[in-house]
Structure formats: C-alpha cells, structure tokens
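Worksheet: one structure, shown below.
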Amino acid sequence: MSMQGFLEDRDDRLAGARSLAQRDSAARAWMASGVSDAARLLRFDGWVRLELAARIDWAWAGEQKARRIEQCRIELEGLVVAFQRRGWLLDGRRLARHITDALDDVGAAQKAGRVRDFWPFFRSAIHRYAGLNAEEIQAEAMSAGTHVGQIFERLQKQAGKAQAMPELVAQRQRETLSQQLTRQRAQEARQKADAAQPQLF
C-alpha cells in the first residue's frame, strides 16, 4: 500500500469514527429524560438526518442532498407511526435499531446495484419494513419489559411526563393535518366571502 493510500484509509477511518460518535451522541440526546417533548422530537429529527446521511449513498442527489435527506426523514415518520398504530411502543434503543436496520437495507441494495430510481425504492422499502418484520417487532414489543413499559408510559402520559417517541411523531402528524384543515377551511371561507361581495368595477 502506498503512503497516499495509507493516509486516505486512515482519514476515512477517523471520519467514520467521528461520524459514529456524533450519531451516538445525537441518539442519546433524543432518548434522554428530563427534556421537553418538543425538544426530544427536534433532537430525534436531527438524529434521523445524521443516520440518513451516514447509511445511504447520496452521490446521485448532488446539490439536492439536504433536501432529499429531509424528504426521506419525513417518509421515515410513516414507519414510526406504523409502529405506533400497531401498538408497538418500542423504547428508544429498539426504535433506533429498527430505523437503522431499515436504512441499512436500503444502503445494502444501493451497494448491490439494485436501486435504479431511488425515491420509489426508498418509499417501498420503508412502507414494507413493518409488515416484513412484524413477527419480530411484535415479539419485541410484547416482551415483559416493553409490555410493562407501555403501561408505565401511558401512566406517565396521564401524569404529564414524557411520551414515547412513536406517540410524539404520530401526534405531530395529526396536528399537522389538523392545522392544514384549519388553514384550508379559512381559505375557503375567505373565497366565499370574496365571491359574495359585489364587484365595483
């Protein structure tokens, strides 16, 4: 191996170690207790962006990389909500593992050359993940620790304490839809009021 190759290899290993340390720190930040739900949700979003950037090849995205990562982050919310809808309130580490497993599946397909058009492939892989791994995830969710944890999380929610991340993501999606409906109704009311006014010209 040439000296140049050795130095490049060393730099790649150091960059990989820094990236892993940054992602681990970001994961601990959203899993931490004693932080508001809104702050945890924002930290979760940041962690998902870091994992997307590290686990998927974005060479195809060019200057649109940040935008594409954000689109994928939003798409991953659907996976988290799918867990919540099925009643799988996974703790932080288990939820993180399933998100990274789903991303690793996409990354492996990219490396194997099986991805021709990224966006449809990514959406399909994310939408199928919960169904393809349902038995494993359900067994995890029903394990004694998680089952008891679900009861405690519901009690904590009633007492005003931190909610599970899948519940927070689902709540954000419901609020977004509600806000969109409110905005749409207001716009329709304005249009009706404008149409009802006589034209002066």
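The values are calculated or read from the model by the stated rules, or taken from the named source; none is laboratory data. Just so it is clear, the structure is predicted and the values come from calculations on it, not from any experiment. Cβ: placed from backbone, ideal geometry, glycine included. Neighbour counts: every protein chain shown. Accessible surface is based on the protein model in full, side chains and every heavy atom, while ligands, DNA and RNA are left aside. Shrake-Rupley method; radii C 1.70, N 1.55, O 1.52, S 1.80 Å.
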Check off (1) open to solvent by 100 Å² or more (accessible area, probe 1.4 Å); (2) over 14 Å from Asp91 (Cα atoms); (3) at pLDDT 70 or above for Gln158 and give me the number that stays unchecked.
(3)
For Leu52, indicate whether it is at pLDDT 80 or above and touching a helix residue (DSSP H, G or I) at 6+ places or on another chain (Cβ under 6 Å).
yes
Expected single match for more than 18 Å from Ala130 (Cβ to Cβ), among the aliphatic types (A, V, I, L, M) and under 11 Å from the mean Cα position of the chain (by Cα) among Ile69, Ile99, Ile56, Ile74 is Ile69
Quick one: count up the residues across the stretch 65-90 that are closer than 17 Å to Leu41 by Cβ and of a type in the set (Gly, Ala, Ser).
1
Is one or more of the residues making up the stretch 57-75 among the aliphatic types (A, V, I, L, M), at pLDDT 95 or above, at negative phi and crowded, with 20+ Cβ neighbours inside 10 Å?
no
The stretch 105-153, subset at pLDDT 80 or above and polar (S, T, N, Q), residue surrounded by the most Cβ atoms within 10 Å (Cβ to Cβ):
Gln110
